[in-house]
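Trainee: Here it is, the structure in full.
Values quoted throughout were computed directly from the atomic coordinates according to the rules given, and no laboratory measurement underlies them. This is a predicted model, so every value here is computed, not measured. Because the Cβ atoms are built from the backbone with ideal geometry, glycine has one as well, and the counts that use them run over all protein chains shown.
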Amino acid sequence: MSRSLVSLVMRASPHVSDERRARVLDAAAALGYSPNAMARGLASRRSGVVAVLINDLHNPFFAETFDGLAAEAESRGFSLLLGAGRPTRGAEQAALASFLEYRPDGIVLLSPRLPSAAIGVAARRAPVVVVGRHVRAAGVDSVMTDEREGARLVVDHLAGLGHRRIVHVDGGRGAGAGPRREGYRRAMSRAGLDRFAAVVPGDFTE
C-alpha cells in the first residue's frame, strides 16, 4: 500500500477504485488513524476553516446569522471556527489574533468594534467579510443593512398613525447606531416633527 494511494484516499480523490479505497480505510480504522487537518493544511496551503467572530452570543441576530453561515459552510465543505470576543475591542483583538494562528481560509466578523486598521491588517493574511459595518480596506468586503432607511420607515409609520412624540433610543457606539440616529432625525424633520425629536442615550443592546 503506497503512500500516494493513502494520500489520495484521505483527500477523497475520485481517482481511486472502491476496492482500493475500502482497503485503505479498513487499514486506517484498524490502526486508529485519523487525518491531521493542520498538517494537511500546511501541505495544501488551505485549512478548510472559516473563522467567525461574534461579539455578543446573547444577541439573537448573531445566532441566526451564524446558523446561516454554518449551513452554507457545510454545503461547501468548510468547517467553522467560532470565537466570542465580547463587546470590547481588547477581547475582539485577542480573538482575531487567535484566529490567524489557525491560518483560516476566510474570516467573518459580525458587527465588530475593532479599529478598521486592525481589520485591514488581518485581511492581508485572509479574506475578511464584515457584517453590519462598512470598512474601507483592501481584502475586506462589507455586508450591511440600510440603517437610515430602516429608521425612516419606522418614523414614517408611527407618524402616519398620528404619533408625534417619537423618541429614538440611541445605540451608543454600536455598529449602525450612527446611521440609524441620522435617519431618525432626517425623518422627523421631513415629517415636520423637529420640535418633538429626542434622542435618548442607550447602548448596543437597547
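Trainee: How high is the relative contact order of the stretch 147-200, in percent, counting Cα pairs under 8 Å that sit 6 or more residues apart?
Mentor: For the stretch 147-200, the relative contact order is 50 percent.
Trainee: Can you put His163, His58, His15 in order, fewest other beta carbons within 10 Å first?
Mentor: Arranged by neighbour count, lowest to highest, His163, His58, His15 become His15, His58, His163.
Trainee: Leu158: net charge of surrounding residues, Cβ under 10 Å, Lys/Arg +1, Asp/Glu -1, itself excluded?
Mentor: Local charge sum for Leu158: +1.
Trainee: Ok, one more. Pull up all non-local amide H partners of Val49: gap of 5 or more, or a different chain, and H-to-H distance under 5 Å with H placed in the peptide plane.
Mentor: Ser79, Asp105
Trainee: Here is a follow-up. Please identify every one of the GluC sites (Glu not before Pro) in the stretch 147-197 that sits in a loop by DSSP and has no more than 10 other beta carbons within 10 Å of its own beta carbon.
Mentor: Within the stretch 147-197, no GluC sites (Glu not before Pro) qualify (loop, at most 10 other Cβ atoms within 10 Å).
Trainee: Right, next: Which FRET efficiency value, to the nearest 0.05, is calculated for Ser116 and Ser2 with the Förster distance at 45 angstrom and r the Cβ-Cβ distance?
Mentor: 0.35
Trainee: Sticking with this one: Once you have the Cα-Cα distance between Arg136 and Ala84, take 0.36 nm times their residue separation minus that, and quote the gain in nm to one decimal.
Mentor: Full extension from Arg136 to Ala84 adds 16.4 nm.
Trainee: Hey, if you drop one equal point scatterer on each alpha-carbon of the stretch 147-200 and run the Debye formula without solvent, what base-10 log of I(q)/I(0) do you get at q = 0.17, 0.21, 0.24 Å⁻¹?
Mentor: -0.44, -0.66, -0.85
Trainee: Around Phe196, what is the net charge, scoring Lys/Arg as +1 and Asp/Glu as -1 over all other residues with Cβ under 15 Å from its Cβ?
Mentor: Overall, the nearby charge balance is +4.
Trainee: Which three extents, in angstrom, do the Cα atoms of the stretch 68-166 have along their principal axes, listed largest first?
Mentor: Its Cα atoms span 56, 32, 25 Å along the three principal axes.
Trainee: OK, next. Could you calculate the FRET efficiency of Val200 with Ala91 from 1/(1 + (r/R0)^6), where r is the beta carbon distance between them and R0 is 30 Å, rounded to 0.05?
Mentor: 0.65
Trainee: Hey, can you grab everything whose amide H is under 5 Å from the amide H of Met144? Only 5+ residues off in sequence or another chain; H modelled, so Pro and N-termini drop out.
Mentor: Gly132
Trainee: First measure r as the distance between the Cβ atoms of Arg165 and Met144, then evaluate 1/(1 + (r/R0)^6) with R0 = 41 Å and state the FRET efficiency to the nearest 0.05.
Mentor: Efficiency, from the Cβ-Cβ distance: 0.85.
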